[in-house]
Every structure is written in structure tokens, then in C-alpha cells.
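Read the structure below first, then the notes.
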Amino acid sequence: MTSRLLAPIVAALVVAAATTGVVVARDDDAAAAPFRAEVRYAQVGDQRIAWYERGSGPPLVMAIGTGSTMAEWDPALLELLARRHRLILFDYPGIGESSPLPKGRLTFAWLADVTADLMAAIGVPQADVLGWSMGGFVAQQLAIRRPGAVRRLILAGTNPGGDAAVLGDDDDQDDDSDPDPSEEQILRMLFPRTKAGRAEGRAFLRRLETASEDGTIPDDFDVPEATQRAQVAAEDPWLRSNANADALRTLRMPVLVTGGRLDPVTPPENARWMARRIPGARLQVFADSHAFPFSERAKFAALVDDFLG
């Protein structure tokens, strides 16, 4: 699931700006925000999990995609959501500032258990949960395995696994699996393949750069290759088994399922299928690509606010 390998690009941009003295103009919303991210650590079993929070209101736990750190959420989206929610962002084991990945096969069920245990460790036994891309796998498993931990569930740009999962075409899957993709490949996966889409993608990278420099997000972009490989490998059994897809019918909390009409990695058929399978689920398909929560952030944040009430 694309979103991985943004870290080297963002890190390179940050270094370049620091060494050349280049100052990137800040987004108007970000310019007014005095917030600075304070990374904290929670002991979860034998794992030390890095996390930070932003905003106030009911807690909203945010699970990000493959090979990405908690710093790679769009800062402009976070600012919108933080107006009405206490955002809780974290690094999976083996990512960023969390403990190294332990030996053994990584599974999304295990990541879901780590997430639930993190919530309990920081005094948030129940929260609203938003999972994007691979984070949607984690969020689905969290809702299935620990339903009491999830008040309301939001799935974005994800699939149910098994026979019901719909993937992009072979070329897009090859790009998504490329261990060393170019900036162009990454942006093609995340944003619409138009002039406006490319501009939006580059603006997103600039927002990450600026936010990491001024402390709005943590300077936290370390994605070890071994962890990335383990996360990608976990997708194979996910796609071979129907267990998760079958269990979605057991969910009883309110669920919002969202997708991007132009998503080449997780086509919107996945969102439509999950919305049919989950009792009472609400469906919204956005116009853009895999990173629609970023490129259509005002509409997405408004929908989240309305759904979470």
C-alpha cells in the first residue's frame, strides 16, 4: 500500500533547505499555528512506542500506511482535524522512534494489538480510530479483535483482504512494490496524474518539509528497510485469507468507509464492498487518488467531523 518511502525524499528536502538556507513559504493555516510536536514514549509489552498528540476533544487514533512514520500525515489535514479532536499519532514497532521490530513474522493482527495496548498505556482505552492505506488493515483488525477500544471507525483508501480485495493494474502494483521508487513514482501513486495533481503532490512534500523544520511535526522519518519489507510481506497472507473480510459483518460500531475514485493502488471498489459488508456503514468516494485525505483535506476533515459528531 503506497505511502512508503516518502521518508528519504522528505529527509533530503529538509537537509537541502537547512544547508542552503532556503526558506519555504508556509501554508497560511500552518503559519498561524504555534503548535510544536512533543514526542512521548509508552512501554507496550517489550516495545517502546513513540507517539505524540495534537488538538483537544474526543480522542482520534490515526494509523498510517506502509513504511511511513507518524510524521508523514499531511500537516494541513492534522491542523483541520485538531480543531475538534485530540489526535493521537504513533510509530509502529520498527518505524521511526519506536523500538526495533522484534524477530518473527509481522501481522496486522499484532499491530492492532499493539495499538490497543498503546491506547490503554496512555490512558485512552477507547477512541475513534482512523486508518489510511495499510493503517486501514490495522484499524479493521483493531475493531474486530478489540471492539471495545473503538468508538467509531473510519477507513480510508484500504481493502478488506482476501478474495474481495481489488488491486490496481500490474504496472501500478510494480511501482507500489518498487523498493527504491523515484519521487515521480511515489506522487503518481498518491495524487491524480494531472498537472494539478502533480502540483498538489509537490505542495504536500513542501508542507512536510516546512512542518518538520518548525516542529509542527516530529523530525521523524527513519524507515528501516527490514521493517518496510516485513510490512510489505504481511500483505501477502492478508490478501490470501478471507478471515478479515468475513469478520467485517460482525462490527457493531458506526463505520465510515472512504475511497478515492482515481486510486490506482486501492480502487474504490474496495470501499464499496466494505460498506456493503459492514452493517450500517456509511460510504463516501472522493474524486482524487490514494492520498485523497490530503488532496481533498477540507472535504475529508468536514466529513470526519460530521461522522464523529
Task: P(r) weight above 13 Å for the stretch 196-244, C-alpha pairs, percent - done: 71 percent
Open item on the list: Could you check the spin-label model distance between residue 184 and residue 166? Points 7 Å from the Cα along Cα→Cβ, value in nm.
Closed with: 2.9 nm
Task: Net charge, residue 302 excluded, C-beta distance under 13 Å - Lys, Arg +1, Asp, Glu -1 - done: +1
Task: Principal axis dimensions, the stretch 221-309 - Cα atoms, whole angstrom, descending - done: 39, 32, 24
TODO: Can you tell me which of 128-138, 267-277 comes out highest on packing, and rank the rest after it, using the mean Cβ neighbours within 10 Å?
DONE: 128-138, 267-277
TODO: Can you sort 299, 103 by 1.4 Å-probe accessible area, starting with the largest?
DONE: 103, 299
TODO: Rounded to whole Hz and in sequence order, give me ³J(HN,Hα) for the stretch 250-262 from the Karplus expression 6.51 cos²θ - 1.76 cosθ + 1.60, θ = phi - 60°, writing x for Gly and Pro.
DONE: 8, 5, 10, 6, x, 10, 10, 10, 10, x, x, 4, 9
Open item on the list: Taking every pair of distinct Cα atoms and averaging 1/r, then inverting, what Kirkwood hydrodynamic radius in Å comes out for the stretch 169-275?
Closed with: 16.7 Å
Open item on the list: Along the Cα→Cβ direction, 7 angstrom out, place labels at residue 252 and residue 40. What is the inter-label distance in nm?
Closed with: 3.1 nm
Open item on the list: Please compute the length gained on full extension between residue 103 and residue 193, using 0.36 nm multiplied by the number of residues separating them and subtracting their Cα-Cα distance.
Closed with: 28.5 nm
- [ ] For every other residue with a beta carbon closer than 14 angstrom to the beta carbon of residue 240, add +1 if it is Lys or Arg and -1 if Asp or Glu, then tell me the sum.
- [x] -3
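The values are calculated or read from the model by the stated rules, or taken from the named source; none is laboratory data. Because the structure is a prediction, the values reported are computed rather than measured. Don't worry about glycine lacking a Cβ; one is built from the backbone with ideal geometry, like all the others, and counts go over all protein chains shown. Just so you know, the surface numbers come from the protein's heavy atoms only, side chains and all, with ligands and any DNA or RNA stripped out. Shrake-Rupley method; radii C 1.70, N 1.55, O 1.52, S 1.80 Å.
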